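Engineer: Structure incoming, see below.
FYI, it's all coordinate maths here, none of it is from the lab. All values derive from a computational prediction rather than experimental measurement. Glycine gets a Cβ as well: all are built from the backbone with ideal geometry, and neighbour counts include every protein chain shown.
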Amino acid sequence: MAHDMGIQNYSVKEALNVKLGQGGSTLITDTSAHTGTYVAITFLEATTFTALTDANRDGNTIGSQTFPVGATIYGTFTSITLASGACIAYKG
């Protein structure tokens with residue numbers, strides 16, 4: 001199921017599994033770089049990033065933006081490094 005090309009390349013069944021977190025997840029509570037393909041990030045604490053790489057993102061970079069508890073962002077994230085906080089990154 002793990003495709004690296006983005007959600008548009010999933011079958012309907014695979015897309016539903018990704019949406020439900022069936023690809024697995026990574027709990028991130030440290031400031032180390034975490035790499036892989038992640039499709040969503042849910043914040044467990046107020047969180048800021050040192051670096052966040054989204055393969056399909058355009059517009060402004062995410063710098064010192066603080067994301068609140070309970071918020072979820074979506075994308076094709078390939079590297080996540082926290083400055084502070086905690087999150088769950090969902091694999092896809």
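Engineer: How far apart, in nanometres, would the label points at Val69 and Ser32 be if each is projected 7 angstrom from Cα along the Cα-to-Cβ direction?
Structural biologist: Placing both labels 7 Å beyond Cα along the Cβ direction yields 2.6 nm.
Engineer: Still on this structure, please answer the following. Which value in nm describes the separation of the simple spin-label points at Lys13 and Ala86, placed 7 Å from the Cα toward the beta carbon?
Structural biologist: 3.6 nm
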